[in-house]
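Here the structure is laid out as structure tokens; the discussion comes afterwards.
Here, each number is a calculation from the coordinates, and none is a lab measurement. Being a predicted model, the structure only gives us computed values, none of them experimental. Because the Cβ atoms are built from the backbone with ideal geometry, glycine has one as well, and the counts that use them run over all protein chains shown.
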Amino acid sequence: MRLTVFGLGYLGLTHAVCMAELGHEVLGVEVDEAKVARLQAGDVPFYEPGLADLLTKHLDTGLLVISTSYRQAAEWGDVFFIAVGTPQKKGESAADLRYVEAVVDNLAPLVDRDVLVLGKSTVPVGTCAKLVERVRARSQGADIEIAWNPEFLREGFAIEDTLQPDRIVLGRRPSGRAEALTRELYADILRHDTPFILTDPETAELVKVSANAFLATKISFINAIAEVCEAVGADVRAVADAIGYDARIGRRYLNAGIGFGGGCLPKDIRAFMARAGELGASEALTFLREVDNVNMRRRTRMVDVVRGACHGSLLGVNVGILGAAFKPDSDDVRDSPALNVAGQLQLQGASVTVYDPKAIENSKAIFPTLSYAASADDACENADVVMVLTEWPEFVRIDPDDLSALVRTKTIVDGRLCLDRQRWSGCGWTYLT
Ligand SMILES: NC(=O)c1ccc[n+]([C@@H]2O[C@H](COP(=O)([O-])OP(=O)(O)OC[C@H]3O[C@@H](n4cnc5c(N)ncnc54)[C@H](O)[C@@H]3O)[C@@H](O)[C@H]2O)c1
């Protein structure tokens, strides 16, 4: 099939490349000209394992073409994916839909035949229905069907999650062609008995935001339990292990630590609350405010732990921070808990040096005033406190004895509960969480 993907960020580029891998002819359309130039040269502007190889492969096979042109897009094929960003509005909790709206506003007047638009971006419930109205007002007589096909990929596993998803969800009106076309375009995936959930657009939109609200709640749940554990000297890791064996609960997403961040969970739970409010159902989601509060409290608490370790003052204290990305195997620093903590420590007088294997460039762009190191060792040199704030495998593997020779004081703060407490303590380190 000939497909178009609008927006070539973490979601859209992965989707475009994976659709080419499935054998489709794909046109990726992106408004950022600098990004387009890099992509056309086979250079992925962010870190996602395996993506650069697959991009180069399909630029070479010719199955993937990258462009800035909506006119070319309108002529290209019959299925159009919306994969642009839906960030939080400035000064508000709601989602900013201007990029999603721009896609249909630009496309609709150019299309001269019946086509299908599949939304992949995460949007507030009711967005698809509003876009249908927008398109109707702008189209030149073509039948432009819009359906929602939300995306569940995890950064770090984006290719695997796109080609072998846990499920495919399609929200459409039964009268259209969306089901037939979607079954055709994902035929290779559906052949492997992947669950296909066929529903209406409102339900599909809600599936995605509900999934993210649930995951955020699970993380904040264990972090709330961590607060109680800290008050009584109990071990939250053991609590998580023990309750995680219950199949109804499950161990994943039960790691206590500095909490969630990134370009999805924080903005998605806020947009969900805002939308529930507009629908007169705000009470239903008031618990998400507490989920958000618990999460943000973890960051402040982490700063308190460091200040406590430094006898109440951060002035003149050297802090080496290992990790800036919101999770390992990603260079995404959007709403990064690690950078938030780094910034707070610096504002309170500490001298902070950050190292991350992939996210330094992105971190510099949003936090230019922090110091950045080229290696974990450099970041820890003369440190009074070392903090692990992203659980990259290279940090988990650090030998405490090797690090001892570099630091001024052997204090380690394990912000992700990913280190072996006994090993670090056994090597003479003060181990804090
Ligand atoms: N990142 C993830 O892991 C992930 C997972 C599931 C869902 N999502 C959702 O997918 C959407 C995109 O997220 P992302 O992380 O890829 O965002 P992103 O910011 O990395 O990418 C968005 C891209 O769209 C481009 N763009 C903006 N307006 C455009 C337009 N009118 N036409 C063409 N391109 C345009 C931007 O320049 C940018 O490159 C969001 O709704 C997000 O919530 C993201």
Query raised in the report: Which whole-angstrom value gives the distance between the alpha carbon centres of segment 372-433 and segment 257-321?
Result: 24
Query raised in the report: How big is the charge dipole of the chain about its Cα centre, in debye rounded to the nearest 20, if each Lys and Arg gets +1 on its Cβ and each Asp and Glu gets -1 on its Cβ?
Result: 940
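Need the full-extension length gain, A231 to D60, defined as separation in residues times 0.36 nm minus the C-alpha distance. One decimal, nm. Present the calculation step by step, with values, prior to reporting the outcome.
Working: separation 171, 0.36 × 171 = 61.56 nm, distance 5.85 nm.
Gain on extension, A231 to D60, equals 55.7 nm.
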Query raised in the report: Principal axis lengths of segment 1-74 from Cα atoms, whole Å, largest first?
Result: 31, 27, 20
Query raised in the report: When the helix-only estimate is applied to the chain (DSSP H runs of n ≥ 4, each -39,500 (n - 2.57), divided by the residue count), what is the mean residue ellipticity at 222 nm, nearest 500 deg cm²/dmol?
Result: -13500 deg cm²/dmol
Requested in this report: Obtain the radius of gyration and the Kirkwood radius of segment 214-432 from its C-alpha atoms and give Rg over Rh.
Outcome: 0.98
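Among 142-150, 415-423, 56-64, 78-86, what's the highest-first ranking by average C-beta atoms within 10 angstrom per residue? Intermediate results must be reported in sequence, preceding the final value.
Working: 142-150: 22.0, 415-423: 17.9, 56-64: 16.2, 78-86: 24.1.
Descending mean neighbour count gives 78-86, 142-150, 415-423, 56-64.
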Query raised in the report: Can you list the residues, at least 5 places off or on another chain, whose amide H is less than 5 Å from the amide H of D200, using H built in the peptide plane?
Result: R172
**Report entry** Long-range amide H partners of I146 with built H, under 5 Å
**Finding:** V117
Report task. Calculate the translational D of the chain in whole µm² s⁻¹ from Stokes-Einstein, where the hydrodynamic radius comes from the Kirkwood formula applied to all Cα pairs, the temperature is 10 °C and the viscosity 1.306 mPa s. Result -> 68
Requested in this report: Tabulate in residue order the Karplus-calculated ³J(HN,Hα) for segment 17-22, using 6.51 cos²θ - 1.76 cosθ + 1.60 with θ = phi - 60°, rounded to whole Hz; enter x for Gly and Pro.
Outcome: 5, 5, 5, 5, 4, 7
Query raised in the report: Taking the alpha-carbon set of segment 2-199, what are its Rg and Dmax in Å?
Result: 15.9, 45
Report summary line: In debye to the nearest 20, the charge dipole size for segment 2-199, taken about the Cα centre with +1 at each Lys and Arg Cβ and -1 at each Asp and Glu Cβ, equals 600
Query raised in the report: Out of residues 5 or more away from F81 or on other chains, whose amide H comes under 5 Å of its own, with H placed 1.01 Å from N in the peptide plane?
Result: T4, V5, F6, L118
Query raised in the report: So what J values fall out for segment 157-169 if you push phi through Karplus, 6.51 cos²θ - 1.76 cosθ + 1.60 with θ = phi - 60°, rounded to Hz, Gly and Pro as x?
Result: 10, 5, 5, 4, 5, 7, 8, 10, x, 5, 6, 10, 10
**Report entry** Farthest toward positive dipole pole in segment 191-315 [+1 Lys/Arg, -1 Asp/Glu at C-beta], among F221, T300, F272
**Finding:** T300
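Using the per-residue mean of other Cβ atoms lying within 10 Å as a proxy for protection, in what order, highest first, do the peptides 12-22, 281-291 fall?
Values: 12-22: 24.9, 281-291: 14.4.
Highest mean packing first, the order is 12-22, 281-291.
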Report task. Find how many whole Å separate the alpha carbon centroid of segment 90-144 from the alpha carbon centroid of segment 328-354. Result -> 36
Report task. Rounded to whole Hz and in sequence order, give me ³J(HN,Hα) for segment 33-44 from the Karplus expression 6.51 cos²θ - 1.76 cosθ + 1.60, θ = phi - 60°, writing x for Gly and Pro. Result -> 5, 5, 5, 4, 4, 5, 5, 4, 8, x, 9, 7
Query raised in the report: With the dipole of the chain worked out from charges on the C-beta (+1 for Lys and Arg, -1 for Asp and Glu) around the Cα centre, which of L39, L13, H311 lies farthest toward the positive end?
Result: H311
